[in-house]
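In what follows, a structure is listed as structure tokens, so that the remarks can point back to it.
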Amino acid sequence: MTGPDGHLAALRARAREWGAGLRPLALEIDRDPEAIRQHLDLPAVRYLATMGIPAAYGNEPEKIDGQRHCGDSALERAVVMEELARADVGAMVASPGPFLAGVAVGLCADERQKEWFYGRMLREPLWTCFALTEPDRGSDAAALTTALTPAPGGALLSGEKRYVGNASRARLAVVFARTRPGPLGITAVLVDTDTPGFHAEPLDMLGLRGARISAVRLESVAVPEEHVLGRHLPASRRGVWSFVQIFNQLRPGVAAIAVGIARAAHDYVTAHRGPLRTAEQERLDAIGRRIDAVHRLVLDAAATVDARPADGHLASAAKLRAARLAEDVTLAACGFFGPGARLAHPLLDKLARDARAMEFLEGAANIHRLNLFQGLLTGKVGRA
């Protein structure tokens, strides 16, 4: 398994320190996700606001162990996101920053688009969103119907999106739409959400409330020609190809979030349960070993994606295992406190609700099983 070098170990230690500022916000942001606006000066939130913006575009986060970590690699993101999710995933996903949209810009944008997007993000803390999923169609690219139709000076964007994190407060969005039938007819565009016709409303959620998961309605939103992503790329490397690459980059980070949630539940039992019987201690120790094993898988997946961005099979394995881990561990943690645990322990209840959301972020379990099976058939995944 790949372990972080000294610089990444220092980044993890600093992210753990930052997490101490998020932890007290957990229940507050679960009740009111907009409360994060009162805490934009926290070190964790300041880092997240620019995480993923390369140094070449002016990002200068504080030095840690003599080195700047911009969070523009899957491995750095996994390290930071695990520790901040361990503190509180709700506060982490409520924070402004490039996140998914930033990864899309890094992979698909030309230089002028990157300068425009990154420049906006560096001037002030902004929320962004990544809009792919549609009502009744999910993230199935073949069924995508949001339309991008030509218009003077650019195009008009029309359609609906669903389950889009932070869309209701985003200032910048990456939206996938269709220009013509077929897999080569899908493209992504940059949208300033102040543009007339962009409407987003938060949905009621049981878990991950900080993410302000939203429904989006697009009514002839004007998109300038210069905001169409991938114009400098061949058609085969836009659309479907691009969001497969984006998901490959993102899945280790989502898996790391799930590991962080599991660690938070393990920490909660250790801190609040009191003396354990021998069998209980053995069960808790086994949970800890399972968390450590999935943690190592996530780091390996992140390192693999950084080395080979088109190879997402290990990222799928990490996401699959970590999502299951988060749900299993949070429910097991409730078992250490007996009947009524979720009523008596609001933080533990929140962890269990947040953990369930991990199944659906960046692809549900069946998508990852299919991806792994395809890798097995093509020889890209070993049989051992």
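Read-outs throughout are calculated quantities, based only on the coordinates presented, and are distinct from any laboratory measurement. Small disclaimer: the values here were computed from a predicted structure and weren't measured. Glycine gets a Cβ as well: all are built from the backbone with ideal geometry, and neighbour counts include every protein chain shown.
Packing-wise, with mean Cβ within 10 Å as the measure, how do 114-125, 46-57 rank, highest first?
On the way: 114-125: 17.2, 46-57: 19.9.
Highest to lowest by the protection proxy: 46-57, 114-125.
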Residues of the range 32-65 with amide N under 19 Å of a point placed 7 Å along Cα→Cβ from Asp267: 42-48
Cubic angstrom per residue, convex hull over Cα atoms of the range 180-329: 154
Ordering of 307-318, 159-170 by packing [mean C-beta count within 10 Å, highest first]: 159-170, 307-318
C-alpha center-to-center spacing [the range 310-360, the range 49-66] in angstrom: 31
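For the range 128-233, what is the relative contact order in percent, using Cα pairs closer than 8 Å and at least 6 residues apart in sequence?
Numbers: 242 pairs, mean separation 33.1, N = 106.
Relative CO of the range 128-233 lands at 31 percent.
For each pair in Lys319/Lys350; Lys114/Lys350; Lys63/Lys350; Lys350/Lys380; Lys63/Lys380, compute the distance between the two Cα atoms and list the pairs where it is over 29 Å. Mind showing how you got there, number by number?
Working: Lys319/Lys350 21 Å; Lys114/Lys350 37 Å; Lys63/Lys350 34 Å; Lys350/Lys380 38 Å; Lys63/Lys380 38 Å.
Pairs exceeding 29 Å: Lys114/Lys350; Lys63/Lys350; Lys350/Lys380; Lys63/Lys380.
Given an 8 Å cut-off on Cα distances and at least 6 residues of separation, report the relative contact order of the chain as a percent. If you can, show how the numbers build up before the last one.
Details: 734 pairs, mean separation 67.2, N = 384.
Over the chain, the number comes to 17 percent.
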Label zone at Ala364, where the point sits 7 Å out along the Cα-to-Cβ direction: the range 296-321 residues whose backbone N lies under 19 Å: 316-321
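Just to verify a number: FRET efficiency for Gln38 and Ala142, C-beta to C-beta distance, R0 = 35 Å, to 0.05?
So, using R0 = 35 Å, E works out to roughly 0.20.
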Sites Ala341 and Ala55 - FRET efficiency at Förster radius 51 Å, r taken between beta-carbons, to 0.05: 0.65
Peptide ranges 279-292, 219-232 listed from the most packed, as the mean C-beta count within 10 angstrom indicates: 219-232, 279-292
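Would you work out the charge dipole size for the range 128-233 about its Cα centre, treating the Cβ of every Lys and Arg as +1 and the Cβ of every Asp and Glu as -1, and quote it to the nearest 20 debye?
Details: 11 positive and 11 negative charges, 39 e Å.
Charge dipole of the range 128-233: 180 debye, to the nearest 20.
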Estimated distance in nm for a label pair at Ile64 and Arg237, the labels positioned 7 Å out from Cα along Cα-to-Cβ: 3.1
Set of the range 309-340 residues, backbone N closer than 20 Å to the point 7 Å along the Cα-Cβ line of Ala279: 329, 331-340
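If each residue of separation counts as 0.36 nm, what is the full-extension length gain between Ala307 and Glu115 once their alpha-carbon separation is subtracted?
On the way: separation 192, 0.36 × 192 = 69.12 nm, distance 2.50 nm.
The span from Ala307 to Glu115 would gain 66.6 nm if fully extended.
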Nitroxide proxy distance, nm - points 7 Å out along Cα→Cβ at His199 and Ala20: 4.7
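Select from the range 1-66 those GluC sites (Glu not before Pro) which occupy a DSSP coil region and have at most 13 other Cβ atoms within 10 Å, ordered by residue number. Please list the in-between numbers first.
Numbers: sites: Glu17, Glu28, Glu34, Glu62; in loops: Glu62.
Hits after loop and neighbour filter: Glu62.
For the range 10-130, what's the relative contact order in percent, using C-alpha pairs closer than 8 Å and at least 6 residues apart?
Details: 157 pairs, mean separation 40.9, N = 121.
Value for the range 10-130: 34 percent.
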